[in-house]
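Notes follow the structure.
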Amino acid sequence: MRRHLDRGVTVALVLAAGLSAAQLTPGTAGQGSSPSPGTGSGTSTSGTGTSGTTTPGTGTSGTTTPGTATPATPSPGTGTAGGNMTTPSTGTDSPGSLPPGPPAIAPATPESAASDPVGQPVSPAPAREPAQESQRAGESVAEAPSGEAARATRAPLTLAQLVERARSTDSRVEEATAELRKFHALYQQAKWAWFPRFEINVGVGGPVAEARYDANGQLTEASREGDLNFGRVGVTVYSTGNAVLPIYTFGKLTALEQAGAQGPKLGEALRERARDEAGFQAAQAYYGYQLARSGLQQLEDVSKRLEDAAERIDALLKEESEQVSQVDTYKVRFFRQLVEARRAEARQGLALALAAIRLLANAGPDEPVSVVDEDLALEEDVEPPTLERALGLAEQHRPEFVAISAGIAAREAEVFIRERSYYPDLGLAGFYDVRFTSSAQRQTNPFAYDPFNERTFGVGLVVRATFDIPIKDAQLEQARAELDKLRAQEKQIRAGLRLEVTKVHSELVAAWARAKAFTEAEKSARRWVTAAFAAFDLGTGETRDLVDAFTAYAQASGDRGKSWHDVRLGMSALERVTGTPPAPGE
């Protein structure tokens, strides 16, 4: 079920982020296509993630630390549940695969969406309220029967609040927390392995035949065996117990405690990774919502301008002006219908983004959820760190490195225990045996055996050893093979994570460059639209010039919004792949 749930979240994020009014170009009406002339393909950032595996590839497999099994955590966005981690792929418009991860760390990340229009009114024509459509679409999704009163008292979620809520209440985090508790319990079990195990037996039974002497020291007639004369029967009560306290085990108990101490480290890394995945998906949903909302604003603005152009064309046609013809009416009507189609897609994307936000915020069925409106474009330049700096941060903070190091330490301790299993264990043993039978006379002669009335106890040194040498040889070889396997996985993880960091960093740098270029392009397109509209209004411009200006402006605005979406999402992805916590307010 979790697999389908993660796929649903990913689809919601991709659809929400892929709706941009920049797609409004002649001949391209499909979702996710780029408006760039001659190319027809957009660039999208891919979400990257990590999960605990052994080989770079897809699938699910879990590795275990010695003596304990580490369950795998479902990977968000891919739908695989297990400790598998794949090496990230390169390229555009394809989900980034994940590098191999440590044993028992399972989660993988969803694909990042890539598109973000942030359009602003540029025409001298009077503009309508741009946020009305996005507000209506948001209310249609988040409203409950009593939603109006709740919305008045509950403040909209900011990005920081949404991320924090996802990191603390996500079901994957709760699962990882329970797993951490299990690791702590296993560590306590290994820590107290030296504590002696007391085995105590208590029993009552009967009937027991008479076993006594008479006054002359002779057996009574009923005490003799071989007949059916049981005499005065009675009952027997007994209690036995023993325990062994290890004194010297040639380091086996110390190694066991050291191996158990790696479990909480592994659990902490697993929980931190689950938090990072939940926080990153929350950022994806948040930016997808802002993308769909700004897309609705831009479409509202374009619709108003086309409406003004249609009214002007109708007026010129009534005046029988040679500036326009009936074909111009068809052109404008065609583009207006395209805008309506894009508006329906944007509303759907907004609804899906809000549904994903509700899921990641772990909101109740009747709890209203709303998000603040935020412009994706950054007011100040925040240059990303250098690649060397990003790689250094990943080496220091990625939970996968902590997990694989803990796994290797545990395997080394296991190999040590297997090597010392050939040596005996020295311990201090104690026992007691107390019995009482009501129908039997107690023997006072120390050389007489009395199974009916016994009072013995003792303490002594014991040595315990087994001589199953072939089995021990096989167990030692298996432990050494598992250790070598983890060391090979560590190399794969380090190489895969370096590739992942390099990929995310390069995508962020490219997004920065695109954002700056498209921002300038949008300014030029805005001036072009203003000039074309003014010329058309004065009768000196043609309809073709006006349509070309609208197309260029829509393309530039969409590309600008998409690139800023890539920048914001790329910054969140870089924080995740380097293992650094999000800064306050981000």
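In segment 154-281, a dipole from Cβ-located charges (positive for Lys and Arg, negative for Asp and Glu) runs towards its positive end, and of 166, 177, 202 it is 166 whose Cα lies farthest in that direction. Protein heavy-atom accessible surface, 1.4 Å probe, per residue over segment 346-500: 57 Å². One Cα centroid belongs to segment 509-586, the other to segment 187-252; the line between them spans 89 Å. Karplus-derived 3J(HN,Hα) values for segment 462-473, using 6.51 cos²θ - 1.76 cosθ + 1.60 with θ = phi - 60°, are 10, 10, 10, 8, 10, 10, 7, 4, x, 5, 5, 4 Hz; glycine and proline are entered as x.
Residue pairs exceeding 29 angstrom between C-alpha atoms, taken from 191/491; 491/516; 304/503; 182/503; 191/485: 191/491; 491/516; 304/503; 182/503.
Per residue, the convex hull spanned by the Cα atoms of segment 336-416 amounts to 244 cubic angstrom.
Across segment 174-285, the convex hull enclosing all Cα atoms gives 197 Å³ per residue. In segment 437-498, one over the average inverse separation of all distinct C-alpha pairs is 18.2 Å, which is the Kirkwood hydrodynamic radius. Taking 4 °C and 1.567 mPa s as the conditions, I'd like the Stokes-Einstein D for segment 302-365 in µm²/s, using the Kirkwood hydrodynamic radius from alpha carbon pairs. Once the numbers are plugged in, D ends up at 90 µm²/s. Treating each Cα of segment 426-583 as an identical point scatterer and summing with the Debye formula, the log10 of I(q)/I(0) at q = 0.11 Å⁻¹ comes to -0.80.
Heavy-atom accessible area, probed at 1.4 angstrom with all protein chains present, ranks 319, 412 as 319, 412, highest first. Placing unit charges on the Cβ atoms only, positive for Lys and Arg and negative for Asp and Glu, gives segment 441-586 a dipole magnitude near 360 debye about its Cα centre. Think of segment 310-462 as a dipole: +1 on every Lys or Arg Cβ, -1 on every Asp or Glu Cβ, centred on the Cα centre; then among 361, 457, 330, 457 lies furthest on the positive end. Note on segment 333-401: with neighbouring protein chains present and a 1.4 Å probe, carbon and sulfur make up 50 percent of its accessible heavy-atom surface.
With the Cα gyration tensor of segment 502-584 giving a ≥ b ≥ c as the square roots of its eigenvalues, does the rule (a/c under 1.5 for rounded; else a/b larger than b/c for prolate; else oblate) give rounded, prolate or oblate? Prolate, because a/c is 1.5 or more and a/b exceeds b/c.
The values are calculated or read from the model by the stated rules, or taken from the named source; none is laboratory data. In this text the structure is predicted, and so the values were computed from the model without any measurement. Cβ atoms come from the backbone with ideal geometry, glycine included; neighbour counts cover every protein chain shown. Calculation scope for accessible area: heavy atoms of the full protein, side chains included, ligands and nucleic acids excluded. Shrake-Rupley method; radii C 1.70, N 1.55, O 1.52, S 1.80 Å.
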